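Peer 1: The structure follows.
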Amino acid sequence: MLKGILFSLLAGIFITLQGIFNTNVSSKAGFWLTTTIVHAIGLIGSVIIYLIVRDGSIKNLQEVNKVYLLGGLFGVIIVFSVMQGIAHVGPAFSVSILLITQLVIALMINTLGLFGIEPVALSLNKIIGVLVMVGGVFIFQFK
């Protein structure tokens, strides 16, 4: 569990930094060129790491539901949308909205058991937790 928490913290740090860095690049290069460059650099980095680690099999990839490969396209939409959000409302408010949206979607996926995830019952404490986060954003943003 600790490993999952640490990787989640790491992701939160780098998602925030990535959004700010990308938005700064996009102010000079444009949003779609930045999105393209970011993914090209990510592809190069991923290939290098894969060649070192070799933790997968292309043969086994044939067994994956092809719909799940849309994750790469989702990445393009994510990078573009985060840059737009940060450019229009600033990093703190944009990331706050992003996190609440992620939590609500993840909660729906968990509750409904979508995409092969084991269903988890929706409870009052989970609903209250989401509402507290929303309230926190209002307090944070609108004083």
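The values are calculated or read from the model by the stated rules, or taken from the named source; none is laboratory data. These figures come from a predicted structure and were not determined experimentally. Cβ coordinates were reconstructed from backbone atoms using ideal geometry, including for glycine residues, and neighbour counts include every protein chain displayed.
Peer 1: Within the group V79, V89, which residue is within 13 Å of the chain's Cα centre (by Cα), closer than 30 Å to V132 by Cβ and surrounded by 11 or more Cβ atoms within 10 Å (Cβ to Cβ)?
Peer 2: Checking each option against the conditions leaves just V79.
Peer 1: Within the group G42, G113, which residue is surrounded by 13 or more Cβ atoms within 10 Å (Cβ to Cβ) and modelled with pLDDT of 95 or more?
Peer 2: G42
Peer 1: Determine which member of the set K59, K28 is more than 27 Å from M133 (Cβ to Cβ), loosely packed, with under 10 Cβ neighbours inside 10 Å and at pLDDT 95 or above.
Peer 2: None of the other options fit; the residue is K28.
Peer 1: Search the stretch 114-131 for residues that are among the aromatic types (F, W, Y) and pair each with any residue that is at pLDDT 95 or above when their beta-carbon atoms are under 7 Å apart and the residues are at least 6 apart or on different chains.
Peer 2: Between residues of the stretch 114-131 that are among the aromatic types (F, W, Y) and residues that are at pLDDT 95 or above, the close pairs are F115/I109.
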